Amino acid sequence: MTDTASPARPLAEGDEPAPRRRPALSPSRAGDFKQCPLLYRFRAVDRLPERPTRAQVRGTVVHAVLERLYKLPSPERIPANARDLVAPVWADLSAAEEGLSELFTGDDDPELTDWLESAGALLDTYFTLEDPRRLEPEACEQLIEAELESGLLLRGYIDRLDVAPGGQVRVVDYKTGAAPRQVAEARALFQMKFYALVLLLTRGVVPSQLRLMYLADGEALTYRPDEPELRRFARTLDAIWAAILRAGRSGDFRPNPSRLCDWCSHQALCPAFGGTPPEYPGWPEPEDVTGQESRLDRAE
Ligand code: SF4
């Protein structure tokens with residue numbers, strides 16, 4: 001490690017740290033700010049509710065199924081068992097999270113049947129990309145945190161972490177989203193570099209692979225980061241956080257319209273669409289700026 005421009009104070013290796021109530025930056029919120037400062041404000045400062053879409057919730061179901069699949073003995077990680085997990089995962093999720101059951105009229109809604117089938121189809125596609133019987137991940141749905149020298153706390157969840165016997169680390173992220181790949185890809189790579197940086201800071205290892213698995217179209221993208229790039233990325237994150245704090249002080253979070261507006265829940269309040277944002281509530285107390293990601297964020 002030669003570039004010490006942004007050295008870290010690593011957290012203890014191996015443990016899953018509990019979320020801490022202090023300001024933190026997650027890849028989802030950092031991505032929001034980069035995409036559109038006003039979107040960041042709506043989500044992180046105003047905390048406006050967003051009605052989850054069926055596509056988002058399906059992504060959450062698929063992620064949860066894959067997490068459960070890897071808890072099965074390896075010979076049992078087959079497509080039929082993954083499909084069998086879809087309905088129970090949906091039942092647990094809709095019981096646990098308010099508002100999800102309202103996505104359908106009831107258990108006999110034919111659209112629910114089709115939707116569960118479409119989750120099964122995403123899982124079938126997953127099996128065309130790799131054979132989970134041959135893998136023993138170190139962790140699934142792993143919370144990771146690291147602190148930059150600036151004091152900025154980075155926090156995120158990794159879908160899956162594979163560690164080879166030789167110590168090579170691979171970060172795997174499943175993508176189930178409806179946004180076109182070319183639109184979503186820059187955001188996904190940003191997210192993967194974020195995870196790679198946190199692993200570098202906590203383990204002293206540059207992940208050998210960042211692997212994005214697109215379950216809607218059955219394609220995978222593998223990216224191999226290097227350490228100087230990740231050190232530069234640390235400075236990028238510091239700069240994003242500084243810009244967030246500047247906007248937080250002034251309340252000046254500008255809209256930045258793009259194709260991604262099609263997936264924004266807040267067009268009615270956005271000046272770019274003729275709306276008026278609510279009065280700026282002021283920057284939240286530090287303990288309220290936790291950078292916590294929701295399940296839906298993680299299932300993008
Ligand atoms: S509609 Fe577009 S410009 Fe407006 S807040 Fe949402 S993402 Fe930003």
Handout entry: Subset of the stretch 96-111 that is in contact with a helix residue (DSSP H, G or I) (Cβ under 8 Å, 6 or more places away or on another chain) and in a helix (DSSP H, G or I) - its residue that is surrounded by the fewest Cβ atoms within 10 Å (Cβ to Cβ)
Key = SER101
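Residue-wise test of (1) in contact with a strand residue (DSSP E or B) (Cβ under 9 Å, 6 or more places away or on another chain); (2) in the same structural domain as ALA119 (by TED's automatic domain parsing); (3) among the β-branched types (Val, Ile, Thr).
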{"site": "ARG187", "(1), (2), (3)": "no, no, no"}
{"site": "LEU197", "(1), (2), (3)": "yes, no, no"}
{"site": "LEU221", "(1), (2), (3)": "yes, no, no"}
{"site": "ILE244", "(1), (2), (3)": "yes, no, yes"}
Problem - Members of the stretch 206-225 found to be surrounded by fewer than 16 Cβ atoms within 10 Å (Cβ to Cβ) and more than 18 Å from the chain's Cα centre (by Cα), listed by number - result: ASP217, GLY218, GLU219, ARG224
Exercise for the section: Look at the stretch 89-130 and say how many of its residues are modelled with pLDDT of 95 or more and among the polar types (S, T, N, Q). Expected result: 4
Fill in the blank from the handout: Counting only residues in the stretch 265-283 that are of a type outside the set (Gly, Ala, Ser) and in contact with a Pro (Cβ under 9 Å, 6 or more places away or on another chain), the one nearest to the ligand (Cβ to nearest atom) is identified as CYS270
Fill in the blank from the handout: Reported set for the stretch 212-264 where residues are hydroxyl-bearing (Ser, Thr, Tyr) and either away from the ligand (no atom under 16 Å from the Cβ) or in a strand (DSSP E or B) (or both) is TYR214, THR222, TYR223, THR236, SER250
Problem - Near pairs, Cβ below 6 angstrom, 6+ apart or cross-chain, from the stretch 273-289 (over 27 Å from ASP262 (Cα atoms)) to any residue that is at pLDDT below 95 and assigned to a loop (DSSP other than H, G, I, E, B) - result: PRO286/PRO23; GLU287/ARG21
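The values are calculated or read from the model by the stated rules, or taken from the named source; none is laboratory data. Predicted model only: the values in this text are computed from it and were never measured. In this analysis, Cβ positions are derived from the backbone assuming ideal geometry, glycine residues included, and neighbour counts consider all displayed protein chains.
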